[in-house]
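**Student:** Attaching a single structure in structure tokens format; questions to follow.
The values are calculated or read from the model by the stated rules, or taken from the named source; none is laboratory data. Note that this is a predicted model, so its numbers are computed, not measured. Heads up, the Cβs are rebuilt from the backbone with ideal geometry, glycines too, and the neighbour counts pull from every protein chain shown. Side chains are part of the model used for accessible areas, which takes the heavy atoms of the whole protein and leaves out ligands, DNA and RNA. Shrake-Rupley method; radii C 1.70, N 1.55, O 1.52, S 1.80 Å.
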Amino acid sequence: MASTVTWACLILALFLFISSMTCEAQLSSKFYDNTCPKALSTIRTATRSAVSRERRMAASLIRLHFHDCFVQGCDASILLDDTPSILGEKTAPNNAGSVRGYEVIDDIKSKVENVCPGVVSCADILSVVARDASVAVGGPSWTVKLGRRDSTTASLSLTETNLPRFTDSLGRLTSLFREKGLSERDMVALSGSHTIGQARCVTFRGRIHNNASDIDAGFASTRKRKCSLAIGTDDEKIAPLDLVTPNSFDNNYFKNLIQKKGLLQSDQILFSGGSTDSIVTEYSKSPSTFKNDFAAAMVRMGDIEPITGSQGQIRKLCSVVN
């Protein structure tokens, strides 16, 4: 009897091991090699075209992938429009009026559907586009693992609790990233994507007007010209996150932090006498180390809770469940 139980336990353990291996194996850089061999080239061409039309779009597309992965995993839930049965993520405070690039993803999805209908998920498109957007502005490349499927749900409530805020403390930021399986070093590297892109006045008004010791006075004065203290006046006016090279993916973001010229409070907190100061300093001195770490962190972020196998679906339109 004991031997029968032992064999049963061994068989169960082997089954569970194989199942976990199968789940891991479902994400592969070669996932579409046979079913849609032109997928990656189609996405790359369309992404380059979008970024060439508007350089800022590169930052927006990387951010879109980040905001997707931190809520329900990398499942394209951020792309779903509200319906009577789905309260989506687009209208969440951290996304509304801020996250952009939806129309670019819709256009790319349409082009991919023309090449191979019903094969490539919106979740995978977001992942590949983020990589291609980085490359388009001089950033690093990385091998994107593929095989994600699209969610049939979204979560407004998770968006409000899982996404970082521009006023977050270092402790809260570290905790949010740790919950997603990302280290403090990953967090600093990923924050380096703010070497490109723009932020709205409403997100940095408090920082530039509070006369604190953690902001360069000249930098604050420059930013105040287009971002007054009066709420509601300049809310939507934008400023570059990196004032030196706002359209190039480099390590100037970290040099800015050391000079107390981080635009957002959640940026400057990375160099404020805490545990991440040494990482910021390292990246400020070595652009290659930053780019390598950023690429590795993006791969790890892309592994957050993907939907695979027969779960979820391949949406025909990224904004609507089939």
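**Student:** Is it true that some residue in segment 273-280 is open to solvent by 40 Å² or more (accessible area, probe 1.4 Å), modelled with pLDDT of 95 or more, over 30 Å from residue 150 (Cα atoms) and touching a Ser or Thr at 6+ places or on another chain (Cβ under 9 Å)? Full working, then the answer.
**Tutor:** Of all residues in segment 273-280, those open to solvent by 40 Å² or more (accessible area, probe 1.4 Å) come to 273, 275, 278.
So of that shortlist, the ones also modelled with pLDDT of 95 or more come out as 273, 275, 278.
Then keep just the ones that are over 30 Å from residue 150 (Cα atoms); that gives 273, 275, 278.
In the following step, the residues that additionally are touching a Ser or Thr at 6+ places or on another chain (Cβ under 9 Å) were identified as 275.
Scanning segment 273-280, I find at least one residue that is open to solvent by 40 Å² or more (accessible area, probe 1.4 Å), modelled with pLDDT of 95 or more, over 30 Å from residue 150 (Cα atoms) and touching a Ser or Thr at 6+ places or on another chain (Cβ under 9 Å), so the answer is yes.
**Student:** Please work out which one of (1) within 17 Å of residue 71 (Cα to Cα); (2) not in a helix (DSSP H, G or I) is the condition residue 159 fails and give its number.
**Tutor:** Among (1) within 17 Å of residue 71 (Cα to Cα); (2) not in a helix (DSSP H, G or I), residue 159 violates only (2).
**Student:** Can you find a residue in segment 89-97 that is without any contact (Cβ under 8 Å) to a residue 60 or more places away in the chain and on the phi < 0 side of the Ramachandran plot?
**Tutor:** Of all residues in segment 89-97, those without any contact (Cβ under 8 Å) to a residue 60 or more places away in the chain come to 90, 96.
Add one more test, that the residue is on the phi < 0 side of the Ramachandran plot, and what stays is 90, 96.
Looking for residues that are without any contact (Cβ under 8 Å) to a residue 60 or more places away in the chain and on the phi < 0 side of the Ramachandran plot, one finds at least one in segment 89-97, hence yes.
**Student:** On to the next question. If you check 224, 180, which single one turns out to be closer than 29 Å to residue 134 by Cα and either of a type outside the set (Gly, Ala, Ser) or without any contact (Cβ under 8 Å) to a residue 24 or more places away in the chain (or both)?
**Tutor:** Residue meeting the stated conditions: 180.
**Student:** Within the bounds of segment 1-16, is there any residue that is surrounded by fewer than 21 Cβ atoms within 10 Å (Cβ to Cβ), within 28 Å of residue 182 (Cβ to Cβ) and either at pLDDT 95 or above or within 14 Å of the chain's Cα centre (by Cα) (or both)?
**Tutor:** No; the residues of segment 1-16 include none that is surrounded by fewer than 21 Cβ atoms within 10 Å (Cβ to Cβ), within 28 Å of residue 182 (Cβ to Cβ) and either at pLDDT 95 or above or within 14 Å of the chain's Cα centre (by Cα) (or both).
**Student:** What are the residues in segment 127-142 that are open to solvent by 40 Å² or more (accessible area, probe 1.4 Å) and under 16 Å from residue 304 (Cα atoms), if any?
**Tutor:** none
**Student:** So which residues in segment 128-147 are over 15 Å from residue 41 (Cβ atoms), part of a helix (DSSP H, G or I) and in contact with a helix residue (DSSP H, G or I) (Cβ under 6 Å, 6 or more places away or on another chain)?
**Tutor:** 130, 133
**Student:** Is at least one residue of segment 231-241 hydroxyl-bearing (Ser, Thr, Tyr) and modelled with pLDDT of 95 or more?
**Tutor:** Within segment 231-241, not a single residue is hydroxyl-bearing (Ser, Thr, Tyr) and modelled with pLDDT of 95 or more.
**Student:** Does residue 319 qualify as being without any contact (Cβ under 8 Å) to a residue 24 or more places away in the chain, on the phi < 0 side of the Ramachandran plot and either of a type in the set (Gly, Ala, Ser) or buried (at least 18 other Cβ atoms within 10 Å of the Cβ) (or both)?
**Tutor:** Here the answer is no, as residue 319 does not meet what is asked.
**Student:** Turning to a different aspect of this structure: Given the conditions (1) closer than 30 Å to residue 272 by Cβ; (2) at pLDDT below 95; (3) assigned to a helix (DSSP H, G or I), report the number of the one that residue 97 does not fulfil.
**Tutor:** (3)
**Student:** Taking the condition among the β-branched types (Val, Ile, Thr) and either open to solvent by 10 Å² or more (accessible area, probe 1.4 Å) or farther than 21 Å from residue 51 by Cβ (or both), does residue 112 pass?
**Tutor:** no
**Student:** I need the full set of residues from segment 147-162 which are within 18 Å of residue 312 (Cβ to Cβ), within 16 Å of the chain's Cα centre (by Cα) and buried (at least 19 other Cβ atoms within 10 Å of the Cβ), in order please.
**Tutor:** 148, the sole residue that qualifies.
**Student:** Give the residues of segment 230-245 that are in contact (Cβ under 8 Å) with a residue 40 or more places away in the chain, open to solvent by 50 Å² or more (accessible area, probe 1.4 Å) and in a loop (DSSP other than H, G, I, E, B), sorted by residue number. First the steps, then the outcome.
**Tutor:** Quick first cut of segment 230-245, residues in contact (Cβ under 8 Å) with a residue 40 or more places away in the chain only: 236, 238-242, 245.
This time we only want the ones that are open to solvent by 50 Å² or more (accessible area, probe 1.4 Å), so: 236, 238.
Hit for segment 230-245 is 236, nothing else.
**Student:** What number of residues in segment 208-220 are open to solvent by less than 30 Å² (accessible area, probe 1.4 Å) and under 20 Å from residue 231 (Cβ atoms)?
**Tutor:** Number of matching residues: 3.
Here is a yes/no grid of residues against (1) assigned to a loop (DSSP other than H, G, I, E, B); (2) open to solvent by 10 Å² or more (accessible area, probe 1.4 Å):
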{"residue": "176", "(1), (2)": "no, no"}
{"residue": "192", "(1), (2)": "no, no"}
{"residue": "203", "(1), (2)": "no, yes"}
{"residue": "206", "(1), (2)": "no, yes"}
{"residue": "222", "(1), (2)": "no, yes"}
{"residue": "228", "(1), (2)": "yes, yes"}
{"residue": "247", "(1), (2)": "yes, yes"}
{"residue": "254", "(1), (2)": "no, no"}
{"residue": "266", "(1), (2)": "no, yes"}
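**Student:** Something else about it: Determine if segment 74-86 includes at least one residue that is touching a residue at least 40 places away in the same chain (Cβ under 8 Å), of a type in the set (D, E, K, R), surrounded by fewer than 19 Cβ atoms within 10 Å (Cβ to Cβ) and within 25 Å of residue 311 (Cβ to Cβ).
**Tutor:** Yes, that holds for at least one residue.
**Student:** Which condition does residue 42 not pass, out of (1) over 19 Å from the mean Cα position of the chain (by Cα); (2) loosely packed, with under 15 Cβ neighbours inside 10 Å; (3) polar (S, T, N, Q), if it passes all the others?
**Tutor:** So the condition that residue 42 fails would be (2).
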